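Following: one structure in structure tokens, then a few remarks.
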Amino acid sequence: MGTEEESFFQRQIQVPEIGNLGQKRWRDSSVLVIGLGGLGCPAALQLALGGIGRIGLVDFDHVEVSNLHRQTLFTFRDLGLPKTEVVSKVLLEHCPWLQVECFSELVAEGTKPEILDGWDLVLDCTDTISSKYTINDLCNQKSIPLVTASVFRTSAQFAIFSEKGQPCYRCLFPNLKEGDTLNCKMGGVLGVQTALAGTYQASLALQYLLNPKVTELSSVYFMEWNPPTLYQSKIEADLDCPNCGKGKKETQIILNEKELNPSEFITYQKKRNTLLVDVREKEETDSNPIPNTFLLPLSELERGYLPDFDKDLTIVCICETGVRSQKAVSYLQTKGEIFSLKGGRRAYTQYLKNQSSF
């Protein structure tokens with residue numbers, strides 16, 4: 001540790017339970033942060049300021065105006081830039097000795113387990129059930145401890161799980177499906193709660209990396225805003241959990257055969273009569289339109305409306321992140337060949353930008 005770095009952490013080193021030895025442990029540790037939104041921004045910054053020596057940043061998205069009220073590392077000058085690029089720059093401005101690695105990709109079903117190779121601990125800062133289940137299963141497969149969190153409106157929860165599971169995230173939430181809970185785009189969110197929850201994630205990570213033996217690995221913590229409340233609840237391991245229990249051998253991460261990634265969609269467009277169907281709500285399409293789409297909000301499908309599409313038409317549903325479009329596919333299954341666009345508008349627009357830069 002250089003003189004400047006040692007001076008930077010001097011007040012923290014003075015804490016008896018940390019000291020020089022604890023600071024060195026953090027400097028020798030590595031953490032992968034998946035998702036750089038309301039949770040990931042404060043979590044990544046606090047990990048860097050705490051002294052973690054190597055941090056990985058995973059996010060495929062770009063900065064938008066609607067991010068700014070809660071995603072605290074971004075400003076208006078960052079609009080349109082990749083989140084990984086902006087966060088990396090901010091962390092290095094705070095801690096120039098930090099090692100940062102960036103991964104611009106979506107972590108979901110089908111993600112290769114190798115993305116977790118070489119990391120001591122993972123922070124799940126995502127906001128979809130499919131991503132959370134995938135990250136949980138990959139961490140268990142790779143024997144890596146996991147810190148997860150989520151925020152809905154004014155309520156937050158966070159937990160840390162052992163590299164062995166027992167319990168794991170699936171024990172806590174065994175049968176959730178996309179749509180069972182609303183993300184912040186659909187349900188709203190109080191920015192300060194995401195900052196607190198993300199900071200608690202970093203705190204749990206630092207505690208574990210300092211001394212795993214004294215870290216509580218079978219509890220979930222709930223945080224409310226009004227009145228301010230923080231309480232702890234024990235998580236019971238599910239003996240039949242398909243991830244960490246007796247059902248483990250049945251757990252596999254399988255690619256959704258009804259999904260197309262953006263490049264596959266472009267190929268389909270060239271070879272087939274294809275219609276891109278936007279299943280977002282009108283207020284979303286007004287603020288972030290997708291060119292050359294047919295608007296069919298998921299809410300209309302849920303109310304029973306089914307358009308009469310031509311049988312020779314290949315339908316590709318798209319939403320914001322690829323979650324609601326999968327649900328739309330289930331309503332339109334009888335209407336011929338139909339797919340969901342993996343990663344939604346965010347992945348599609350990023351792909352088009354990348355292609356135009358060549």
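The values are calculated or read from the model by the stated rules, or taken from the named source; none is laboratory data. Given the structure is predicted, the values throughout are model-derived calculations rather than measurements. Note: ideal-geometry Cβ built from the backbone for every residue, glycine included; neighbour counts use all protein chains shown. Just so you know, the surface numbers come from the protein's heavy atoms only, side chains and all, with ligands and any DNA or RNA stripped out. Shrake-Rupley method; radii C 1.70, N 1.55, O 1.52, S 1.80 Å.
Among the residues of the range 16-26, is there at least one that is in contact with a Ser or Thr (Cβ under 6 Å, 6 or more places away or on another chain) and either more than 19 Å from L98 (Cβ to Cβ) or part of a loop (DSSP other than H, G, I, E, B) (or both)? Please lay out each step first, then the result.
Residues of the range 16-26 in contact with a Ser or Thr (Cβ under 6 Å, 6 or more places away or on another chain): none.
Scanning the range 16-26 turns up no residue that is in contact with a Ser or Thr (Cβ under 6 Å, 6 or more places away or on another chain) and either more than 19 Å from L98 (Cβ to Cβ) or part of a loop (DSSP other than H, G, I, E, B) (or both).
Out of the residues in the range 27-75 meeting the condition of being among the polar types (S, T, N, Q) and not in a strand (DSSP E or B), tell me which one is farthest from S203 (Cα to Cα). Per the criteria, the residue is S66. If you check I338, I315 for being within 14 Å of V277 (Cβ to Cβ), modelled with pLDDT of 85 or more, open to solvent by less than 20 Å² (accessible area, probe 1.4 Å) and touching a helix residue (DSSP H, G or I) at 6+ places or on another chain (Cβ under 8 Å), only one passes: I338.
Within the set V63, V86, V151, V100, the sole residue that is buried (at least 17 other Cβ atoms within 10 Å of the Cβ) and closer than 27 Å to S218 by Cβ turns out to be V151.
Conditions tested, residue by residue: (1) modelled with pLDDT of 95 or more; (2) in a strand (DSSP E or B); (3) over 28 Å from C241 (Cβ atoms).
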position	(1), (2), (3)
R77	yes, no, yes
V107	no, no, no
T111	no, no, no
W119	yes, no, no
D137	no, no, no
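Report, by residue number, each residue of the range 279-303 that is assigned to a helix (DSSP H, G or I), surrounded by 12 or more Cβ atoms within 10 Å (Cβ to Cβ), under 25 Å from the mean Cα position of the chain (by Cα) and not aliphatic (A, V, I, L, M).
Initially, the range 279-303 is screened for residues assigned to a helix (DSSP H, G or I), giving 282-287, 298-302.
Those still in the list that are surrounded by 12 or more Cβ atoms within 10 Å (Cβ to Cβ) too: 284-285, 298-302.
Now restrict to residues that are under 25 Å from the mean Cα position of the chain (by Cα): 284-285, 298-299.
Residues satisfying the conditions are E284, T285, S299.
Looking only at the range 242-255, residues that are more than 15 Å from C139 (Cα to Cα) and modelled with pLDDT of 85 or more come to 0 in all.
Among the residues of the range 107-126, the one identified as among the charged types (D, E, K, R) and crowded, with 24+ Cβ neighbours inside 10 Å is D124.
Pairing residues of the range 110-136 that are of a type in the set (K, R) with residues that are surrounded by fewer than 20 Cβ atoms within 10 Å (Cβ to Cβ) and assigned to a loop (DSSP other than H, G, I, E, B), at Cβ distances under 9 Å and at least 6 apart in sequence or on separate chains, gives K132/F173; K132/L176.
Taking the range 205-225 as the search range and keeping residues that are of a type in the set (A, V, I, L, M) and more than 18 Å from G37 (Cβ to Cβ), which one is surrounded by the most Cβ atoms within 10 Å (Cβ to Cβ)? Full working, then the answer.
Going through the range 205-225, the residues of a type in the set (A, V, I, L, M) turn out to be 205-206, 209-210, 214, 217, 220, 223.
Next, only the ones that are more than 18 Å from G37 (Cβ to Cβ) stay: 206, 209-210, 214, 217, 220.
Working: L206: 21, L209: 23, L210: 18, V214: 9, L217: 18, V220: 20.
Out of the qualifying residues, it is L209.
Does the range 40-62 hold any residues that are hydrophobic (A, V, I, L, M, F, W, C) and at pLDDT 95 or above, and which are they?
C41, A43, A44, L45, L47, A48, L49, I52, I55, L57, V58
Quick test for you: out of Q232, Q201, Q269, pick the one residue that is open to solvent by 80 Å² or more (accessible area, probe 1.4 Å), assigned to a helix (DSSP H, G or I) and at pLDDT 85 or above. When all the criteria are applied, what remains is Q269.
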